[in-house]
1. Quickly run through segment 60-95 and pick out the residues that are touching a helix residue (DSSP H, G or I) at 6+ places or on another chain (Cβ under 7 Å) and either in a helix (DSSP H, G or I) or closer than 19 Å to residue 28 by Cβ (or both).
2. Looking at segment 128-158 only, could you name the residues that are exposed (fewer than 15 other Cβ atoms within 10 Å of the Cβ), out of contact with any helix residue (DSSP H, G or I) (no Cβ under 7 Å at 6 or more places or on another chain), over 20 Å from residue 27 (Cβ atoms) and modelled with pLDDT of 70 or more?
3. Quick check: is even one residue across segment 42-64 under 17 Å from residue 8 (Cα atoms), surrounded by fewer than 21 Cβ atoms within 10 Å (Cβ to Cβ) and either in contact with a strand residue (DSSP E or B) (Cβ under 8 Å, 6 or more places away or on another chain) or modelled with pLDDT of 70 or more (or both)?
4. Here's a check for you: in segment 96-119, which residue that is exposed (fewer than 15 other Cβ atoms within 10 Å of the Cβ) and part of a helix (DSSP H, G or I) is modelled with the lowest pLDDT?
5. Do you know which residues across segment 4-63 are on the phi > 0 side of the Ramachandran plot and within 15 Å of the chain's Cα centre (by Cα)?
């Protein structure tokens, strides 16, 4: 089930299950997960993209292993708020993934999430090599934390 509205996503979530945030790039997918109280996002891993079936298999493994109740995909809007080709690609990925899983899938505006992640890693004095290794799943945690904060304001804290 794809939810375009965050309130609809919240309503579709089962109680006391964590959710994941995904930062979809052309070469990688950053993955972050929440706790079951939907309060804290933690970077998990970066999946190297190969082809959709292999990428989806890895994501489905994560969903099953962590008993996740939902997925949030970062929606890469343009700075003016419009949706371009990257948004269309993200929505197509969500449609294809929704055919393989019952967990609700939602979207979150990811503008500047990678910039924020990069800044945090620089402030932590992370080496260039290490930043390259972790930037995608750290960006996913920024996306997911934004959703968790919004869900908390909507009364979704369970």
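1. 72, 73, 74, 75, 76
2. Passing the criteria: 149, 152, 153.
3. So far as segment 42-64 goes, no, none of its residues is under 17 Å from residue 8 (Cα atoms), surrounded by fewer than 21 Cβ atoms within 10 Å (Cβ to Cβ) and either in contact with a strand residue (DSSP E or B) (Cβ under 8 Å, 6 or more places away or on another chain) or modelled with pLDDT of 70 or more (or both).
4. Looking at residues that are exposed (fewer than 15 other Cβ atoms within 10 Å of the Cβ) and part of a helix (DSSP H, G or I), I get 115.
5. Here is the first cut: in segment 4-63, the residues on the phi > 0 side of the Ramachandran plot are 16, 38.
Matches in segment 4-63: 38 only.
The values are calculated or read from the model by the stated rules, or taken from the named source; none is laboratory data. Nothing here was measured: the structure is a model prediction, and the numbers come from that model. In this analysis, Cβ positions are derived from the backbone assuming ideal geometry, glycine residues included, and neighbour counts consider all displayed protein chains.
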